[in-house]
Amino acid sequence: YVESREPRVIGIGRHVEARRLDGSTFPAFLTLGRIGGTEPPRFVGFLHDMSERRTHELQILRQDALLREAQRIAQIGNFEVHLPSHAGDTGSEEFRRILRLADDEPVSLQALADCLRPADREHFESELQALRAEPAPAEMDAEYGLAMPGGETRYVHLNLHITPGADGAIRHVGTLHDVTERRHTQDQMRET
């Protein structure tokens, strides 16, 4: 830096592995800066111990992995979408798997409606429209049939919470539970 004045480290900061006097290492964030108006040039450095933060990040990653596994086992996906849509709209891996949405496809209630059987789609859309018109938070709890590629029908249980915002936006948070196997078992019991 003294020779070229190019700030490769100065003012940028970086994650490093630091060593304590006892020889043990720990994750740290190193920030360096030049003290202005000094000749020869003088610098100041700050070393932030990131051990606790790294521990919290690892806990969050483990919890996230556990939640994904639990959703896969239970065949329940969750989602949060808004009307109008915005960048925070999201759906879990299991939600995407149930609807067979590609990773790059946006998560929306329209994506769900597009998968529903025609009669179920009409019921879902009219119910959704009525609930969105409510000035207070509302809930939807219903089962629908999905018309899957190849003619297969799958069944889902939708639990949806709708919350109108002060800015006119509407927040939709819910779960989608694949209940196809349970439904087939019930049908077989009725036939028997």
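The values are calculated or read from the model by the stated rules, or taken from the named source; none is laboratory data. In this text the structure is predicted, and so the values were computed from the model without any measurement. Every residue, glycine as well, gets a Cβ built from its backbone with ideal geometry; the counts of neighbours run over all protein chains shown. With ligands, DNA and RNA removed, areas are computed over all heavy atoms of the protein, side chains included. Shrake-Rupley method; radii C 1.70, N 1.55, O 1.52, S 1.80 Å.
Looking across the range 71-89, the residues that are surrounded by 13 or more Cβ atoms within 10 Å (Cβ to Cβ) and within 21 Å of Gly165 (Cβ to Cβ) come down to Asn78, Phe79, Glu80, Val81, His82, Leu83, Ser85, Asp89. Within the range 129-143, does at least one residue satisfy the condition of being closer than 30 Å to Leu66 by Cβ and open to solvent by less than 40 Å² (accessible area, probe 1.4 Å)? The answer is yes; a qualifying residue exists.
Within the range 179-192, the set of residues being open to solvent by 60 Å² or more (accessible area, probe 1.4 Å) and of a type in the set (Val, Ile, Thr) comprises Thr185, Thr192. Inclusion of Ala65 among residues that are under 30 Å from His157 (Cα atoms) and touching a residue at least 60 places away in the same chain (Cβ under 8 Å) is not warranted.
Filter the range 41-68 down to residues that are open to solvent by less than 100 Å² (accessible area, probe 1.4 Å) and assigned to a helix (DSSP H, G or I), then give me how many there are. Residues meeting the conditions: 10. Here the condition is being in contact with a strand residue (DSSP E or B) (Cβ under 8 Å, 6 or more places away or on another chain) and among the small types (Gly, Ala, Ser); of Ser85, Ser92, Ser126, it holds for Ser92 alone. Take the residues in the range 149-178 that are farther than 23 Å from Thr90 by Cβ and touching a residue at least 12 places away in the same chain (Cβ under 8 Å), then tell me which one is surrounded by the fewest Cβ atoms within 10 Å (Cβ to Cβ). Per the criteria, the residue is Pro149. On the basis of being hydroxyl-bearing (Ser, Thr, Tyr), touching a residue at least 24 places away in the same chain (Cβ under 8 Å), in contact with a Ser or Thr (Cβ under 9 Å, 6 or more places away or on another chain) and surrounded by 12 or more Cβ atoms within 10 Å (Cβ to Cβ), does Ser108 make the cut? When the stated conditions are applied, Ser108 passes them. Do we find that Thr38 is of a type in the set (Ser, Thr, Tyr) and part of a helix (DSSP H, G or I) in this structure? Against the criterion (of a type in the set (Ser, Thr, Tyr) and part of a helix (DSSP H, G or I)), Thr38 does not qualify. Out of curiosity, is Leu66 within 30 Å of Gly174 (Cα to Cα) and in contact with a strand residue (DSSP E or B) (Cβ under 9 Å, 6 or more places away or on another chain)? So Leu66 does not fit the description; no.
Listed here are the residues, each with its yes/no results for (1) modelled with pLDDT under 90; (2) out of contact with any helix residue (DSSP H, G or I) (no Cβ under 7 Å at 6 or more places or on another chain); (3) under 29 Å from Gly11 (Cβ atoms).
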| site | (1), (2), (3) |
| --- | --- |
| Gly36 | yes, yes, yes |
| Arg42 | no, yes, yes |
| Asp49 | no, yes, yes |
| Arg53 | no, yes, yes |
| Glu57 | no, yes, yes |
| Ile60 | no, yes, no |
| Gln63 | no, yes, no |
| Leu66 | no, yes, no |
